[in-house]
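*Asks:* Quick one: the structure is below, and I'll ask about it shortly.
The values are calculated or read from the model by the stated rules, or taken from the named source; none is laboratory data. A quick note: this is a predicted structure, and the numbers were derived from the prediction, not measured. Every residue, glycine among them, receives a Cβ derived from its backbone with ideal geometry; neighbour counts consider all protein chains shown. In case anyone asks, the SASA skips ligands and DNA or RNA and just uses the protein heavy atoms, side chains included. Shrake-Rupley method; radii C 1.70, N 1.55, O 1.52, S 1.80 Å.
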Amino acid sequence: MESGFTGGDCYEKKFNSRVYLETFFTSPFGNLLEGEFLPFVLKNLVKAFSSGPKCRTMLEIGSGPCLHLALCASEHVEEIVLSDYASNNRQELELWLQNDPGAFDWSPVAKFVSELEGNREQWAEKEKKLRDSVKQVLKCDVHQSNPLYPVDLVPVDCLLTSLCLEAACKDKAAYCTALRNVTSLLKPGGLLFMIVVLNETFYTVDKYKFSCLSFDQVFLEKALKEAGYEIEQSEMFVAPDKSINTVSDFEAVLFLVAHKHKNV
């Protein structure tokens, strides 16, 4: 990395939200250097939400400037809270939610998700439904015992997080602590949807390398078990040849659905 571990302050100062979106989310097929990464996530999330129970409330931890995951959830969740550490990411979310003409265009992804759900022509309605469903965009620090402090959020039915904890945590101990912190925001018996990169050390935005905690599936599953989860579903996408990928070095992406034990 440019200067060791890229923590929250680095994201506040160096992370270019719009370039990130343009690099990875202009198309529902993502960045071609990462192969089928983004379609894999969208397809699995749509399928999981479509086959699972409807939830009244959902919190996304570490949304970044992104709305692709919330678009997948919008037909199945009544109230959504988005969160991120960096103010530039939260501002990008607010631009879209306010229908600002300068906001990033999520319509290609909305059309793709709508097609996966069998309603391609309803993509504009999906966007409106998401705007109506998002109730708050909050600052989130996964290293705090209450990551949303000073807001005290009523524990939610569903927790969603993607590529967040591995970017926020400099070592495995910090990762396990952060996982327990965010778990406190989920109701006992609630559902966790999680997208995780395995054995990744960096990803690049605007030629700047951001660090990522490298770990394998064994570590992740142990951490989830110790945090009080039981994994219900696990799907893996293996990365294409890393020698041609200049934007990241992940070996695989893991899509997980787990439920929090009722006594946790």
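*Asks:* Tally the residues that are out of contact with any helix residue (DSSP H, G or I) (no Cβ under 7 Å at 6 or more places or on another chain), among the small types (Gly, Ala, Ser) and surrounded by fewer than 16 Cβ atoms within 10 Å (Cβ to Cβ), restricting the search to the stretch 21-51.
*Replies:* 2
*Asks:* For the stretch 7-20, give me the residue count where each residue is part of a helix (DSSP H, G or I), in contact (Cβ under 8 Å) with a residue 40 or more places away in the chain and surrounded by fewer than 21 Cβ atoms within 10 Å (Cβ to Cβ).
*Replies:* Within the stretch 7-20, residues that are part of a helix (DSSP H, G or I), in contact (Cβ under 8 Å) with a residue 40 or more places away in the chain and surrounded by fewer than 21 Cβ atoms within 10 Å (Cβ to Cβ) number 6.
*Asks:* Then there's this: Using beta carbons and a limit of 8 Å, which pairs, at least six apart or on different chains, have the first residue in the stretch 89-115 and open to solvent by 30 Å² or more (accessible area, probe 1.4 Å) and the second one in a helix (DSSP H, G or I) and among the polar types (S, T, N, Q)?
*Replies:* Note: pairs meeting the criteria are Gln91/Ser17.
*Asks:* Could you list, ordered by first residue, the pairs with Cβ atoms under 8 Å in which the first is in the stretch 173-194 and open to solvent by 20 Å² or more (accessible area, probe 1.4 Å) and the second is assigned to a helix (DSSP H, G or I) and acidic (Asp, Glu), at least 6 apart or interchain?
*Replies:* Final answer for the pair search is Cys176/Glu226.
*Asks:* If we keep just the residues of the stretch 234-264 that are open to solvent by 30 Å² or more (accessible area, probe 1.4 Å) and closer than 22 Å to Arg180 by Cβ, which is modelled with the lowest pLDDT?
*Replies:* Result: Val264.
*Asks:* Continuing with the same structure: With respect to the numbered conditions (1) touching a helix residue (DSSP H, G or I) at 6+ places or on another chain (Cβ under 7 Å); (2) at pLDDT 95 or above; (3) not in a loop (DSSP other than H, G, I, E, B), which one is the sole condition not fulfilled by Val142?
*Replies:* With respect to (1) touching a helix residue (DSSP H, G or I) at 6+ places or on another chain (Cβ under 7 Å); (2) at pLDDT 95 or above; (3) not in a loop (DSSP other than H, G, I, E, B), Val142 is out only on (3).
*Asks:* Regarding Thr57, is this residue farther than 27 Å from Asn181 by Cβ, in contact with a strand residue (DSSP E or B) (Cβ under 7 Å, 6 or more places away or on another chain) and either charged (D, E, K, R) or open to solvent by 10 Å² or more (accessible area, probe 1.4 Å) (or both)?
*Replies:* So Thr57 does not fit the description; no.
*Asks:* Do we find a residue being farther than 21 Å from Asn263 by Cβ, in a loop (DSSP other than H, G, I, E, B) and of a type in the set (Ser, Thr, Tyr) anywhere in the stretch 145-164?
*Replies:* yes
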